[in-house]
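The values are calculated or read from the model by the stated rules, or taken from the named source; none is laboratory data. Given the structure is predicted, the values throughout are model-derived calculations rather than measurements. All Cβ positions, even for glycine, are placed from backbone atoms using ideal geometry, and neighbour counts span all protein chains on display.
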Amino acid sequence: MPVLAYIIVAVAAYLLGSIPTGYLMAWAKGIDIQKSGSGNIGATNAMRVLGKPAGIFVMLVDAAKGYVACALTPPLIWNWLDGLQLHFTMGMARPFQDEPMESQIQFHLLAGICAVLGHNYTCWLKFKGGKGIATTAGVYLALAPVALLIALAVFILSIVITRYVSVGSILSAAVLPLAVWFTNENMVLRIVTIALCALAIYKHKSNIKRLMAGTESRFGKKPEDAK
């Protein structure tokens, strides 16, 4: 069952992460967000195109996608499959919480990775999506909340000082691996964090170019890009 469980958890987490919240919010208002502002479906562009309440809603839902996929999907699917196995084989049930801790962590990590990939490369929009900051935050709320708080503090402070959301996103993505390294001893989690944060920074390559050119939009002004 573990192989089947890995496959179903990966697919379920990806599909959950792939829900294009910003696109759907804009579509409900008759707006194609991919043709508005930066064209990004993330929270920052949603805030600038649709307004702050809508943008905050998109951010919270995108974060919730990451948290639910990472924290809840693995045990729910494992226990569902275990129940099916028990029903058809009359064998002994083995709940998710009885699995070795290392195995549990691997399932949570797999779900978190797939949720972020689903958000960044959603199958519903020809594999174009957001930049994964909010969804990654949701994942780390489940995996490493202390490290997330450190990265969140850097995110907020960076925006207050520079007025660039992109700077806050990039710096928090750079700090999160360090925060995880010093607050968590799981080496696999450390490596996965480096990979996810490298992806987040890579997704901000257009912002980096605009920052270097001095053309990036500041928070509160008319858009150029979003998460």
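For the stretch 108-124, does any single residue satisfy the condition of being within 19 Å of Asn40 (Cα to Cα) and either exposed (fewer than 14 other Cβ atoms within 10 Å of the Cβ) or at pLDDT below 95 (or both)?
In the first step, residues of the stretch 108-124 are kept if they are within 19 Å of Asn40 (Cα to Cα); the result is 115-124.
Narrowing the set further to residues that are either exposed (fewer than 14 other Cβ atoms within 10 Å of the Cβ) or at pLDDT below 95 (or both) leaves 123.
Yes.
For Gly30, the criteria (1) crowded, with 24+ Cβ neighbours inside 10 Å; (2) more than 17 Å from Val165 (Cα to Cα) hold in every case but one, which is (1). Of all the listed residues (Leu171, Leu189, Leu143, Leu157), the sole one being in contact with a Gly (Cβ under 9 Å, 6 or more places away or on another chain), over 29 Å from Lys35 (Cβ atoms) and buried (at least 19 other Cβ atoms within 10 Å of the Cβ) is Leu143. Take the conditions (1) closer than 17 Å to Ser38 by Cα; (2) crowded, with 20+ Cβ neighbours inside 10 Å; (3) not basic (Lys, Arg); Tyr202 misses just one of them, which is (2). If the condition is being out of contact with any helix residue (DSSP H, G or I) (no Cβ under 6 Å at 6 or more places or on another chain) and either within 17 Å of Arg218 (Cα to Cα) or of a type in the set (A, V, I, L, M, F, W, C) (or both), then the stretch 145-165 contributes Leu149, Leu152, Ala153, Ile156, Leu157, Val160, Ile161, Thr162, Arg163, Tyr164. If I go through the stretch 1-22 residue by residue, how many of them are within 16 Å of the chain's Cα centre (by Cα) and among the aromatic types (Phe, Trp, Tyr)? So the count comes out to 1.
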